């Protein structure tokens, strides 16, 4: 089924409808990290989970099955969240660590990790002298950040990424918030990772509801797979067309949703 993007409706203006959905089934909660659990910041290392959000997330995990699906490396996001009972899907889902510690790796991505290492070194060399550019090795992907790059230098980053990738038919470029994401050219993304986790959890549409909260274009793949299983909640201000059903403005409102889920159980 092709899901059409349209402007989502405001979550807190449809609270009775949402509460009814939450109360009818057991809810599986999926969360992005950057821009969802933490605000977008200048550099990835500054995205630290606030103590109050961490406390709410811990309480949520005692009541619901929670997964974090991130573009970050799995070890990175696990180290920032520090809660063991969560499913962690890192590198856009190419690696998934289950609560029991078992690790699922996309074998096609594993086979070209050497290529990722090679491209990372090339991009570092090309962008080393571009002020504000940051090339991040994310184990199975590469994130080339340009949030701190001047408008004059933006095309140096863009050209470096595109020219380097033109030599590698097994890689592709996707776009996030002020970042070029370099990924294996494999039919796998955050949506596939969500489907994989739901299968592990024996998702039953008669009994379960899946909710995904995310802010970036990479989260659209996850929103799409929930059409028959639940719904997505887009974190964005202002609104934009999305496959998510609902809209919230910021990370403070993410926290309010998590607190709502907790209150419905407690």
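Structural remarks
- With a simple spin-label model that places each label point 7 Å from the Cα along the Cα-to-Cβ direction, the separation between residue 200 and residue 172 comes to 2.4 nm.
- Residue among 201, 37, 60 with the largest mean-square fluctuation in a Gaussian network model of the chain, springs linking Cα atoms under 10 Å: 201
- Beta bridge orientation in the chain: antiparallel %, DSSP, nearest 5: 45 percent
- Helices in the chain, meaning DSSP H runs of at least 4 residues, each add -39500 (n - 2.57). Divided by all residues, the mean residue ellipticity at 222 nm is -10500 deg cm²/dmol.
- Degrees separating the helix 15-24 axis from the principal Cα axis of the chain, which is the longest one: 80 degrees
- Distance in nm between pseudo-label sites at residue 15 and residue 154 (7 Å out along the Cβ direction from Cα): 3.9 nm
- Seen against the Cα atoms of the chain and their longest principal axis, helix 251-265 is set at about 30 degrees.
- For the pair residue 163 and residue 24 in one chain, pulling the backbone fully straight at 0.36 nm per residue adds 44.9 nm over the alpha carbon distance.
- DSSP beta bridges fully contained in the stretch 30-169 are about 60 percent antiparallel.
- Inter-centroid distance (Cα atoms) of the stretch 101-125 relative to the stretch 179-234, Å: 22 Å
- The fewest-to-most ranking of 151, 252 by surrounding Cβ atoms within 10 Å reads 151, 252.
- Net lengthening on full extension, residue 75/residue 262 (0.36 nm per residue, minus Cα-Cα): 64.6 nm
- Relative contact order, percent, the chain [alpha-carbon distance under 8 Å, six or more residues apart]: 25 percent
- Mean Cβ count within 10 Å, highest first, over the residues of peptides 107-115, 175-183: 175-183, 107-115
- Across the stretch 109-184, the relative contact order, built from alpha-carbon pairs under 8 Å that are at least six residues apart, equals 30 percent.
- Relative to the longest principal axis of the Cα atoms of the chain, the long axis of helix 51-61 makes an angle of roughly 60 degrees.
- Compared with the alpha-carbon gap, the fully stretched path from residue 107 to residue 42 is longer by 20.1 nm at 0.36 nm per residue.
Read the figures in this text as sums done on the coordinates, not as results from a lab. The shown structure was predicted, so the numbers you read here are calculated from the model rather than taken from an experiment. Don't worry about glycine lacking a Cβ; one is built from the backbone with ideal geometry, like all the others, and counts go over all protein chains shown.
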